[in-house]
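Chemist: Got a structure for you, questions after.
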Amino acid sequence: MSTLEIKDLQVSVETEDGPKEILKGVTLTINSGETHAIMGPNGSGKSTLAYSIAGHPKYSITGGTVTLDGEDVLEMSVDERAKAGLFLAMQYPVEVPGVSVANFLRTAKTALDGEAPKLRTWVKDVNGAMNKMHLDPSFSQRSVNEGFSGGEKKRHEIAQLDILDPAFALLDEIDSGLDIDALKVVSDGINDFRAREAKSVLLITHYTRILRYVKPDRVHVFVAGRIAESGGPELAEELEANGYEKYTTAGV
Ligand code: ADP
Ligand code: MG
Ligand code: MG
């Protein structure tokens with residue numbers, strides 16, 4: 001069992017006009033085996049939350065704590081966070097020219113495990129992951145994210161999730177830009193991951209569409225840098241019907 005605990009997290013980003021406060025006190029606990037969905041309008045700070053947990057240097061933590069089984073995540077380097085079991089699928093995955101998908105995966109896996117993966121099972125595992133995401137095996141030889149379509153980027157993120165097998169997956173708008181077939185493939189990949197023992201998912205989205213396939217245990221409405229309301233899966237249906245207006249006009 002492991003627990004990711006976010007308490008009163010406050011985060012600023014540096015802008016031309018000085019620091020701008022984005023997260024205004026976020027409190028959230030995710031236990032292993034749980035899937036939490038964060039839903040909110042554009043610009044509410046959802047990606048900021050994901051990046052702050054993963055350790056992106058652009059964001060300054062001005063208050064609050066993030067712990068993983070009591071260990072201070074905010075004190076950890078990005079590598080240490082990954083070793084501790086945190087994985088981030090970015091909303092806009094970055095291109096890594098000259099580094100093939102196969103090399104990228106192997107380097108990441110070796111760093112995480114402290115030893116190189118066994119060659120025989122490795123090739124099979126990578127091909128299996130590509131296959132599940134409906135990516136051609138030759139995809140492994142392409143440079144990471146370079147010239148990938150929007151859907152290929154997202155499917156590649158889930159292939160990484162499959163291979164790297166973290167404890168906590170932070171998935172930032174993994175559903176954006178996917179057509180209905182790709183959404184199904186990606187959702188199946190997330191559900192495969194969730195079926196493994198003691199895995200946690202923080203699924204960030206602003207559409208309820210993906211939640212028809214990936215059923216969350218908890219749903220949080222995220223507005224203006226904080227959680228405005230939390231509930232069960234029924235909250236997503238309420239949002240589908242009524243949108244975020246209730247939260248944005250109520251002065252939260
Ligand atoms: P979301 O993922 O919910 O759409 P983000 O976390 O991406 O929201 O952004 C939250 C807010 O922070 C937005 O208003 C965005 O414009 C602002 N922001 C993020 N990065 C910067 C930056 N470098 N300079 C100025 N504002 C920023
Ligand atoms: Mg956005
Ligand atoms: Mg975002």
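The values are calculated or read from the model by the stated rules, or taken from the named source; none is laboratory data. Because the structure is a prediction, the values reported are computed rather than measured. Cβ sites come from the backbone with ideal geometry, for glycine too, and all protein chains shown count toward neighbours.
Chemist: Only one of Arg196, Arg106, Arg155, Arg120 is in a helix (DSSP H, G or I), surrounded by fewer than 17 Cβ atoms within 10 Å (Cβ to Cβ) and of a type in the set (D, E, K, R); which?
Modeler: Values: Arg196 fails: in a helix (DSSP H, G or I); Arg106 fails: surrounded by fewer than 17 Cβ atoms within 10 Å (Cβ to Cβ); Arg155 fails: surrounded by fewer than 17 Cβ atoms within 10 Å (Cβ to Cβ).
Every option except Arg120 fails the conditions.
Chemist: Filter region 22-49 for residues that are part of a strand (DSSP E or B), within 14 Å of the chain's Cα centre (by Cα) and not aliphatic (A, V, I, L, M); which is farthest from ligand 2 (Cβ to nearest atom)?
Modeler: Step one: filter region 22-49 for residues part of a strand (DSSP E or B), giving 22-31, 35-39.
Among the residues that remain, those that are also within 14 Å of the chain's Cα centre (by Cα) are: 30, 35-39.
In the following step, the residues that additionally are not aliphatic (A, V, I, L, M) were identified as 35-36.
Numbers: Thr35: 21, His36: 18 Å.
In this case the residue turns out to be Thr35.
Chemist: Continuing with this model, one more query. Looking at (1) outside any helix (DSSP H, G or I); (2) closer than 23 Å to Ile22 by Cβ, can you tell me which one Lys246 breaks?
Modeler: Just one mismatch for Lys246, condition (1).
Chemist: Follow-up question, since we're still on this one. Output the residues belonging to region 52-67 that are in contact with a Leu (Cβ under 8 Å, 6 or more places away or on another chain) and either assigned to a strand (DSSP E or B) or within 12 Å of ligand 2 (Cβ to nearest atom) (or both).
Modeler: Ile61, Gly63, Gly64, Thr65, Val66, Thr67
Chemist: Moving on to the next point. For residues that are within 22 Å of the chain's Cα centre (by Cα) and part of a loop (DSSP other than H, G, I, E, B), tally how many sit in region 207-243.
Modeler: Residues in region 207-243 being within 22 Å of the chain's Cα centre (by Cα) and part of a loop (DSSP other than H, G, I, E, B): 11 in total.
Chemist: Taking Gly150, is it modelled with pLDDT under 95 and at positive phi? Working first, answer last.
Modeler: Working: modelled with pLDDT under 95: yes; at positive phi: no.
No: the conditions fail for Gly150.
Chemist: Would you point out the residue of region 14-53, among those that are of a type in the set (A, V, I, L, M) and within 11 Å of ligand 1 (Cβ to nearest atom), that is nearest to Ala82 (Cα to Cα)? Before you say what the answer is, go through the steps one by one.
Modeler: Filtering region 14-53 for residues of a type in the set (A, V, I, L, M) gives 22-23, 26, 28, 30, 37-39, 49-50, 53.
Within this subset, residues satisfying the condition of being within 11 Å of ligand 1 (Cβ to nearest atom) are 22-23, 38-39, 49-50.
Working: Ile22: 24, Leu23: 23, Ile38: 21, Met39: 24, Leu49: 16, Ala50: 13 Å.
Here the answer is Ala50.
Chemist: Out of Met76, Met90, which single residue is buried (at least 17 other Cβ atoms within 10 Å of the Cβ), of a type in the set (A, V, I, L, M) and more than 16 Å from ligand 2 (Cβ to nearest atom)? Write out each step before concluding.
Modeler: On the way: Met90 fails: more than 16 Å from ligand 2 (Cβ to nearest atom).
Only one candidate passes the filter, namely Met76.
Chemist: A further question on this structure: Would you please name the residue that is nearest to His220 (Cα to Cα), looking only at residues in region 3-21 that are crowded, with 21+ Cβ neighbours inside 10 Å and more than 17 Å from the chain's Cα centre (by Cα)? Working first, answer last.
Modeler: In the first step, residues of region 3-21 are kept if they are crowded, with 21+ Cβ neighbours inside 10 Å; the result is 4, 6, 9, 11.
Cutting the leftovers down to more than 17 Å from the chain's Cα centre (by Cα) gives us 9, 11.
On the way: Leu9: 15, Val11: 19 Å.
My answer is Leu9.
Chemist: Sort out which residues of region 18-52 are small (Gly, Ala, Ser) and either more than 16 Å from ligand 3 (Cβ to nearest atom) or touching a Cys at 6+ places or on another chain (Cβ under 7 Å) (or both), and write them in order of number. Working first, answer last.
Modeler: Looking only at region 18-52, we keep the residues that are small (Gly, Ala, Ser), and these are 18, 25, 32-33, 37, 40, 43-45, 47, 50, 52.
The answer is Gly18, Gly25, Ser32, Gly33.
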